[in-house]
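Below is one structure, written out as structure tokens; the observations come after it.
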Amino acid sequence: MGSLLACYALTGDVMFRDKAAQLGERMLPAFQTETGIPHSLINLHTGASKNYGWASSGCSILSEIGTMHLEFTYLSDITGNPVFKSKVENVRKVLKNLEKPKGLYPNYIHPRTGKWGQHHMSLGGLGDSFYEYLLKAWIQSGKEDREAREMYDEAIAAISEHMIKTSPGKLLYVSDLKYDRPEHKMGHLACFAGGMFALGARTLENEVSDKYMSIAAGLTNTCHESYDRSVTKLGPEAFHFIEGNEARSLKTGEKYYILRPETFESYFVMWRLTKDPKYREWGWEAVQALEKHCRVPGGFTGLHNVYLANSPKDDVQQSYFFAETLKLHDVSSPTWNTCDDDDDDDKNEREKKEIKRKRDKYSYD
């Protein structure tokens, strides 16, 4: 759906809008639960839906139920049909009204009871994009969605207090929590958090802005270290923090790299907000590593072990490699100058007029 909506936003071709609406309508039965919390899986032909069997006694997953707000809100805006937005607003309402342990959101919630499942909190897999979408929903609304911003700020404050850790070697990382116990490891999926903290800090403008920007820089640096400490200069799926062996994988099943983009997202955001050239340099290092170790005649492939110079390849080119990884490297390159100068008022005004011109095409016919 995101691709269809993006194509409509960029072209104004109503075919993309109509296809997105058709898809949205076919997804609606997944929300037909006692609480309105959607199931993870739906048969688009029959409308039958269910959750994964492995997900904490039939629970839905935080990163999935919380990562539809931008698309469904926009879909309602461009079609004039409020049903899509109402579904995601209800999901947010349920989450907002739940008591959060230490202010944190567990990764699992049961769609029948509306209660939390296993108390596993993560800024990586299963949790990640829920927090990102709160911040971006606020931005999408023209900074009018105060509820989204307040939920984001409260969650980030709790994460900063309970999940942000410093290793013996002074590396900052965000640890998963399982029943209040930190795991002292960080997943590659959590490496987007540097960029998120930075964007949140830049738009907060109060006494904790500097604190959050410092966290953003620390997390981004740690993710870069996970790349720099590997033989291939590409980052593993997860890395640990124990004295003498920090920002490195300890288990065979965590040493792979599957063309993930999260670290590069933080490089991009940090470069845009600070203009520190090191973030572009780190991105270029990664481009060279991708070219050296992942390029094959048919495209790009993941690696089984980033600590081996001649790692076996997994023979898979992930879909997000084009949608995210390459895009982030492209917009971080010196040849991409759009919106480079925050203090260029004339340029910013031209951009605002262009955005408004494009938005005029979004009205429902």
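All of the numbers you see were taken from the coordinates with simple rules; none came from a lab. Given the structure is predicted, the values throughout are model-derived calculations rather than measurements. FYI the Cβ positions are ideal-geometry reconstructions off the backbone, even for glycines, and counts take in every protein chain you see.
Taking the number of Cβ atoms within 10 Å of each Cβ as an exposure proxy, the fewest-first ranking of 77, 128, 330, 315 is 315, 330, 77, 128. Centre-to-centre, using Cα atoms only, the range 275-310 and the range 96-140 are separated by 32 Å. Sparse packing (at most 14 other Cβ atoms within 10 Å of the Cβ) combined with a DSSP loop state is found for the following trypsin sites (Lys or Arg not before Pro) in the range 147-207: 170.
Taking 31 Å as the cut-off for C-alpha to C-alpha distance, list the pairs among 136/278; 136/292; 136/275; 50/136; 19/233; 50/233 that go past it. Distance filter (> 31 Å) returns 136/292; 19/233; 50/233. Applying both filters, DSSP loop and at most 10 other Cβ atoms within 10 Å, to the GluC sites (Glu not before Pro) of the range 143-198 gives 144. Pull out a ≥ b ≥ c, the square roots of the eigenvalues of the alpha-carbon gyration tensor of the range 134-219, then state rounded if a/c is under 1.5, prolate if not and a/b is larger than b/c, and oblate in the remaining case. Since a/c reaches 1.5 and a/b is larger than b/c, the shape of the range 134-219 is classed as prolate. Sequence-distant contacts, meaning Cα pairs under 8 Å at least 6 residues apart, place the relative contact order of the chain at 12 percent. Our coupling estimate for the range 261-269, obtained by passing each phi through the Karplus curve with A = 6.51, B = -1.76, C = 1.60 and θ = phi - 60°, is x, 4, 4, 6, 4, 5, 4, 4, 5 Hz, Gly and Pro reported as x. Given in Å, the Rg to one decimal and the Dmax to the nearest whole number for the Cα atoms of the chain are 20.8, 63. Shown here are the Rg and Dmax of the Cα trace of the range 158-203, at 11.2, 32 Å.
In units of the rule-of-thumb radius 2.2 N^0.38 Å, the range 1-120 shows an alpha carbon radius of gyration of 1.11.
Write out the GluC sites (Glu not before Pro) in the range 277-340 meeting two conditions: DSSP loop, and at most 13 other Cβ atoms within 10 Å of their Cβ. Loop-located and lightly packed - none at all. The charge dipole of the range 55-156, taken about its Cα centre with unit charges on the Cβ of Lys, Arg, Asp and Glu (plus for the first two, minus for the last two), comes to roughly 300 debye.
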